[in-house]
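Here's the structure, in structure tokens; my notes come after.
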Amino acid sequence: MKEAGASPADSRRNSPGPVPRGFNLPAWLVWATALVFIFAGLGSSGILDNNEGLYAEIPREMLASHDWRMWVIPHLNGLPYMEKPPLLYWLTAISFGAFGLSEWAARAVPALSALTCVGLLMWFGRRIGHALAGRFAALVFISGIGVAAMARVLMFDMLLTALLVAALMHAFLFLREAETEPSLRRSSLRWSWALLALALLAKGLVALVLASLVVGGHLLATKRRPLAFLRACGAFLEPVSVLLFIAIAAPWHIAASLVEPVFPWFYFVNEHVLRFLGRREPHDYYAGPWWYYLPRIAIFLFPWSFLVLGMVGGRARVEAVSEPENGQVASGGAAHVGLAKAQIVVSPADRESGLFIGLAWLLPLLFFSVSSAKANYYLVAVMPFLAFHLALALEKRSWLVGRAGLWPGLLIAVVAIVLGLVLANRPDTISQTVVAGMGARSFLLWALGGAALLSAAAAMAAARWARPGLLAYLAPAFWTGGALWLVLMAMQPTISTRELVQALRQDMPGRTVYLYRNFEQQSSLPFYLRHPVPVIDPHSNDLFWGNRLRSNDLLISVDQFSQRVAQGGRVAVVVTERQRGDFGPLAAQWRLHEAKRIGDLRIYVNE
């Protein structure tokens, strides 16, 4: 049945792509896989120190403040924190208000954002006539190890990805649906602008830059004449759509500028322009070469990134033939789609879709590669369209049916075996952490051995049977994800302060808790204590500007702490293993002694 308002050309474009006999990927399997990778044990691990601790504490303080100004200018550890826009904080605060201050409530927004990306990929695949490719892209996206990890951590990037991907998909539908009803085109355009405004509130101007790069790049590639390009750009600037964007994005920026006069310079110049140029103050981010992200892509989409090897031997032969009607293969077209070297139909609509999808991940990747500020988690915004591009390439190669599906799994097995051999000969490089009841070295050898066996078995299954075909590679994906989850749980004492706070409450109640120097390394502590924590001799990038803007008694010097100790009162000071040498003489001066060690943290108390 045709969609309402769809033209005959739309019906032809929306016809299914070539599918090898026996290969199938039901939607329920995609959703089931997504639910497992996203929600299984979502709240089992403590809030992680560093980024997740920061972003969980800010919405907690919003709720606790009962002050509307803290919903405009977020606060971290009691001090202004203007580095990021507030949408993630607002949504997380709503989650806390509805479900309480828990780990899974903190991670609900990125988890639901990842699930939204799964739905978007499947929906977009249907709209452009490649439903199976859309389902496979969704499966690859959510079961890729890096993406699955980011879906389970409270950070901005998954929310940004869901909103930006949705905005770009609607923008493409606006471009493609020239012959549909004008009301449908306007709807796509306005949805695109509204979603882009929300993406702007999710992580700042980078959303607008990335969307402009993708849409502008597509128009430059498809509108060869300058006048046609300018006319297409003008169509995007439809007044109602632009006003809708402004109505959503502008109010918070205006309110923040009124509440905090330094906001415009800090947010637009320091956080965006100077960060991109590598001159932001303070310098709290990583740099890297232009190829920084290339090896990380393979990790983010593991094990599916290895399917590229199979495509080398499964190149499809493309013929210019007539478009199929009603999903049937035209005469002389893909008559043998079950073979690795299939003849397939590439229509103008497919070429346009493939171009847009390719630009939608290549241009953002280029932008991130050129930027002086680099971080692994930036790659999340690239992954949905990269997964879709991979799925389209596999579709052209008949999903690697036959021997082409063998090589990816064999390569994974070889890599796992080599890593195992290296690890077996270098036990001194492994920590003494106990994972799943065994030493870290033994666990890693066991995990690598299992990955090798499962990958080899998946390779044989993919090569021998069209069903399940490439779906057999879900086995090493689940295995690797489970192994990483076990490692995460074993590392809890060193990556979260949840156990430390339990010890403070049970064994040292009634004491005023202080941090020594490094706030970020114990950033989950205020969240679990339910109040800001004073920091002695602070070396904190995230509290740097808040401390400058507000006089406070939270970031204190060594002399100020000495005065507090002299005035009496029971204190507990949390110190990292790295700072223990510097803190030792001070502890003796203040007559503090070590009371407990948890992971890499030590607690010093007075009598």
* To do: Pull up the stretch 581-607, narrow it to residues that are of a type in the set (D, E, K, R) and more than 22 Å from LEU543 (Cα to Cα), then point me to the one that is surrounded by the most Cβ atoms within 10 Å (Cβ to Cβ).
  => ARG602
* To do: Considering only the stretch 505-538, state which residues are part of a loop (DSSP other than H, G, I, E, B) and either of a type in the set (D, E, K, R) or touching a helix residue (DSSP H, G or I) at 6+ places or on another chain (Cβ under 9 Å) (or both).
  => ARG511, ARG517, PHE519, SER523, SER524, ARG530, HIS531, PRO532, VAL533, PRO534, ASP537, PRO538
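This table checks each residue for (1) without any contact (Cβ under 8 Å) to a residue 60 or more places away in the chain; (2) surrounded by 13 or more Cβ atoms within 10 Å (Cβ to Cβ); (3) within 23 Å of LEU359 (Cα to Cα).
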| residue | (1), (2), (3) |
| --- | --- |
| GLY217 | no, yes, yes |
| LYS223 | yes, yes, yes |
| ALA228 | yes, no, yes |
| SER241 | yes, yes, no |
| TRP252 | no, yes, no |
| VAL259 | no, yes, no |
| VAL262 | no, yes, no |
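Taking the stretch 98-107 only, how many residues are within 20 Å of LEU525 (Cα to Cα) and either small (Gly, Ala, Ser) or assigned to a helix (DSSP H, G or I) (or both)?
6
Quick grid of which residues meet (1) closer than 29 Å to PHE37 by Cβ; (2) at pLDDT below 95; (3) not assigned by TED's automatic domain parsing to the domain that holds VAL574:
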residue: THR480; (1), (2), (3): yes, no, yes
residue: ASP507; (1), (2), (3): no, yes, no
residue: GLY510; (1), (2), (3): no, yes, no
residue: TYR516; (1), (2), (3): no, no, no
residue: PHE527; (1), (2), (3): yes, no, no
residue: PRO532; (1), (2), (3): no, no, no
residue: ASN541; (1), (2), (3): no, yes, no
residue: SER551; (1), (2), (3): no, yes, no
* Would you check if VAL575 is of a type outside the set (S, T, N, Q), part of a strand (DSSP E or B), buried (at least 18 other Cβ atoms within 10 Å of the Cβ) and in contact (Cβ under 8 Å) with a residue 24 or more places away in the chain? => yes
* Which pairs have Cβ atoms under 7 Å, sit 6 or more apart or on different chains, and link a residue in the stretch 356-370 that is touching a residue at least 24 places away in the same chain (Cβ under 8 Å) and under 13 Å from THR222 (Cβ atoms) to one that is surrounded by fewer than 22 Cβ atoms within 10 Å (Cβ to Cβ) and of a type outside the set (Ser, Thr, Tyr)? -> GLY358/HIS389; LEU359/GLY217
* Structure fact -> When restricted to SER192, SER183, the only residue surrounded by 19 or more Cβ atoms within 10 Å (Cβ to Cβ), part of a helix (DSSP H, G or I) and of a type in the set (S, T, N, Q) is SER192
* What tally of residues in the stretch 561-574 results from selecting those that are on the phi < 0 side of the Ramachandran plot and either in contact with a strand residue (DSSP E or B) (Cβ under 8 Å, 6 or more places away or on another chain) or not assigned by TED's automatic domain parsing to the domain that holds PHE519 (or both)? -> 8
* To do: Return yes when LEU42 is in a loop (DSSP other than H, G, I, E, B), modelled with pLDDT of 95 or more and more than 25 Å from PRO534 (Cα to Cα) and no when it is not.
  => yes
* Structure fact -> By residue number, the members of the stretch 539-572 that are in a loop (DSSP other than H, G, I, E, B) and not charged (D, E, K, R) are HIS539, SER540, ASN541, LEU543, SER551, ASN552, LEU554, SER557, GLN567, GLY568, GLY569
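The values are calculated or read from the model by the stated rules, or taken from the named source; none is laboratory data. Everything numeric in this text was worked out from a predicted model, so none of it was measured. Here the Cβ is made from the backbone with ideal geometry for all residues, glycine too, and neighbour counts use every protein chain on show.
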